[in-house]
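Chemist: Have a look at this one before I ask anything.
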């Protein structure tokens, strides 16, 4: 936050304001990097590089899920499909989108989650 009283000229105020914007941008980038690391994804995936021509999923539906509005409504997503159909890819891509929207995310695969819950009994 820029304190205008400490700036004696308009140029000084503008310079401090620009520095503050750069600082906020830097904070946002560091926070994004931290959240992506804290989510513990096995690998990075996003929707930007999705090839919609070869994907059987409806692009508009996936883009709506990428807004993370289902979280506000307390709904769950469950991906069902055979091996190699892209369930994990899609889950990670939607989670990365949620992080970019300011949400906190943690990735678990089902086996590790069940093992962890068993251990905590």
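Just so it is clear, none of the values below were taken in a lab; they were calculated from the coordinates. Keep in mind that this is a model prediction, so the values were computed, not measured. FYI the Cβ positions are ideal-geometry reconstructions off the backbone, even for glycines, and counts take in every protein chain you see.
Chemist: How many residues does the range 29-57 contain that are in a loop (DSSP other than H, G, I, E, B) and either closer than 13 Å to residue 92 by Cβ or touching a helix residue (DSSP H, G or I) at 6+ places or on another chain (Cβ under 9 Å) (or both)?
Modeler: Start the filter on the range 29-57 by keeping residues that are in a loop (DSSP other than H, G, I, E, B), which leaves 39-51, 55-57.
Imposing the further condition that a residue be either closer than 13 Å to residue 92 by Cβ or touching a helix residue (DSSP H, G or I) at 6+ places or on another chain (Cβ under 9 Å) (or both) reduces the set to 39-50, 55, 57.
Total meeting the criteria: 14.
Chemist: Tell me which residues, restricted to the range 58-90, are free of Cβ contacts under 8 Å to residues at least 12 places away in the same chain, assigned to a helix (DSSP H, G or I) and within 22 Å of residue 110 (Cβ to Cβ).
Modeler: 70, 87
Chemist: Residue by residue through the range 91-113, note down the ones that are assigned to a loop (DSSP other than H, G, I, E, B) and under 15 Å from residue 35 (Cβ atoms).
Modeler: Listed by number, the residues that qualify are 101, 102, 103, 104, 105, 106, 107.
Chemist: Same structure again: Given the options 43, 37, 100, name the one that is within 30 Å of residue 25 (Cβ to Cβ) and either touching a strand residue (DSSP E or B) at 6+ places or on another chain (Cβ under 6 Å) or without any contact (Cβ under 8 Å) to a residue 12 or more places away in the chain (or both). Explain how you work it out, then say what you get.
Modeler: Values: 43 fails: either touching a strand residue (DSSP E or B) at 6+ places or on another chain (Cβ under 6 Å) or without any contact (Cβ under 8 Å) to a residue 12 or more places away in the chain (or both); 100 fails: either touching a strand residue (DSSP E or B) at 6+ places or on another chain (Cβ under 6 Å) or without any contact (Cβ under 8 Å) to a residue 12 or more places away in the chain (or both).
Being within 30 Å of residue 25 (Cβ to Cβ) and either touching a strand residue (DSSP E or B) at 6+ places or on another chain (Cβ under 6 Å) or without any contact (Cβ under 8 Å) to a residue 12 or more places away in the chain (or both) holds for just one of 43, 37, 100, which is 37.
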